[in-house]
Structures are given as structure tokens and as C-alpha cells.
Amino acid sequence: MLIDRKEIFEGRVIKVSVDTVELPNGVRLPLEIVRHPGGAAAVAIDSENRVCMLRQYRHAADGYIHELPAGKLEPEEPPEVTVKRELAEEAAVSARQWESLGAYFSSPGVFTEVIHLYLATDLTPVESSPEAGEVFQVEWWPLELAVAKARNGELTDAKTIIGILRAAAHRKIA
């Protein structure tokens, strides 16, 4: 139960607070909480059973990593709208078929961020419009290769690993 909240930082994407809480066992303590609006990611699979991957530069990761197309939820924006926008902006495709692959907390001990995952199929090309602050290349990998890289540790981005494995399970790919 929340007893008190002290806002200590508000940035472009996140807010940080120290929340004094009472836990279910009666213990009271301060917790640092990072508030993030959440995000949505697409596991876009084409007619050749290839998955769209972005080789994207991430300063926090100290270089390039492979990720699914994804983005931050805008205020009051449903995740279904976010994921469709991001897939078009980043991968230059839209999908006629969308299925939810569920959601997950990125790091519930500290972050409020929830990532919503979607399977996107029946793809068609559209104009891309990446943001100026995004540096990436679009790659299309066989789904089986993406699954293998998710399992063997070559992929390091959580949303990508979880999204690929959930999509493979959904499609009954071992």
C-alpha cells in the first residue's frame, strides 16, 4: 500500500519517484520506482516465414543489438495503435492480421513498464518514416534462425527473445 510518493525526476520518457510503501507483511520501506508509459512490439512474419528484425544502435547497450520493431505508448494510446504505427515507421510494412502474444513487465522490481507483444502476418509494403533519433537497418531472418538465436543467447533484448519464443510457440514451431 502506498503511504507517500516523492517525485525526484521527470524526463522526456520516464518519471522517477521514491515511494514509501507498506508491504503485505506489514513492513514499511522506501522503494525507487521508474514510471514508464509502456510499449508495444511486433513479431512480423512474412509469407516466407521470415521475421522482421532491426539491427538498431542503442547507446545504453553500448552499440548495435537486434530487436523487434517496437515503440513507446503515447498518452492514452492503446498498444494496438502503437504497434501498428511502429511497424510501419520502422519496418515499412503493415499487417492485415494481428494477434496478441500477451504482455509482460520488463523489470517489476523497479519499473512500471509493461510491454505488449503482437504477432503480425499478411504483410504489405508501406512508406517508412523512422524518427531522426533512430539508427537501424531492417533485416528479415528465417523464424527458425531467430528462435535458435533467442535460445542460445545471441539475442539480448528481452522483448525480442520473449516475442520470438511466444510467436514460435503460437505457430507450433519447436
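Each Lys and Arg contributes +1 and each Asp and Glu -1, all at the Cβ; summed about the Cα centre of the chain, the dipole is approximately 480 debye. Result for the chain in a Gaussian network model with C-alpha springs under 10 Å: among Pro69, Pro24, Pro79, the largest mean-square fluctuation is at Pro24. For the range 70-174, the residue among Phe111, Asn152, Leu101 whose Cα projects farthest onto the positive side of the dipole built from Cβ charges is Asn152. Along its principal axes, the chain has C-alpha extents of 55, 37, 31 angstrom, given from the largest down. Compute log10 of I(q)/I(0) for the range 18-89 with the Debye formula, placing one identical point scatterer on every Cα and leaving out solvent, at q = 0.17, 0.28 Å⁻¹, to two decimals. Here the Debye-derived log intensity ratios amount to -0.79, -1.20.
Bridge orientation summary for the chain: considering DSSP beta bridges with both residues in this region, about 85 percent are antiparallel. Phi-derived couplings, Karplus 6.51 cos²θ - 1.76 cosθ + 1.60 at θ = phi - 60°, listed residue by residue for the range 77-88: 8, x, x, 4, 6, 4, 5, 5, 5, 5, 4, 5 Hz, with x used for Gly and Pro.
Within the listed set Ala91, Ala148, Ala120, the Gaussian network model of the chain (springs between alpha-carbon atoms below 10 Å) gives the highest mean-square fluctuation for Ala148.
Viscosity 1.306 mPa s, temperature 10 °C: what is the translational diffusion coefficient of the range 132-174 from Stokes-Einstein with a Kirkwood Rh over Cα pairs, rounded to a whole number of µm²/s? Diffusion coefficient, whole number: 142 µm²/s. Step through the table entries Lys84/Lys159; Lys72/Lys172; Lys84/Lys149, compare each Cα-Cα distance with 21 Å, and write down the pairs that go over it. Distance filter (> 21 Å) returns Lys72/Lys172; Lys84/Lys149.
If R0 is 41 Å, what FRET efficiency do you get for Val34 and Arg96 from their C-beta distance, rounded to 0.05?
Result of the calculation: an efficiency of 0.70.
When you filter the GluC sites (Glu not before Pro) in the range 45-100 for DSSP loop state and at most 13 other Cβ atoms inside 10 Å of their Cβ, you are left with Glu48, Glu76.
Straightening the chain between Val13 and Asp62 buys 15.7 nm, computed as 0.36 nm per residue apart minus the Cα-Cα spacing. The 3J(HN,Hα) values that the Karplus relation (6.51, -1.76, 1.60; θ = phi - 60°) gives for the range 8-20 are, in residue order, 10, 7, 9, x, 5, 10, 10, 10, 10, 9, 10, 9, 8 Hz. Gly and Pro appear as x.
In sequence order, the range 106-117 has phi-based couplings of 6, 6, x, x, 9, 9, 8, 4, 10, 9, 9, 10 Hz under the Karplus curve 6.51 cos²θ - 1.76 cosθ + 1.60, θ = phi - 60°, and Gly or Pro positions carry x.
Both radii come from the Cα set of the range 57-144: Rg as radius of gyration, Rh as Kirkwood radius; their ratio Rg/Rh reads 0.96.
Throughout, read-outs are computed from the coordinates displayed, never taken from laboratory work. Nothing here was measured: the structure is a model prediction, and the numbers come from that model. Quick reminder, even Gly has a Cβ in these numbers, built from the backbone with ideal geometry, and neighbours come from all protein chains shown.
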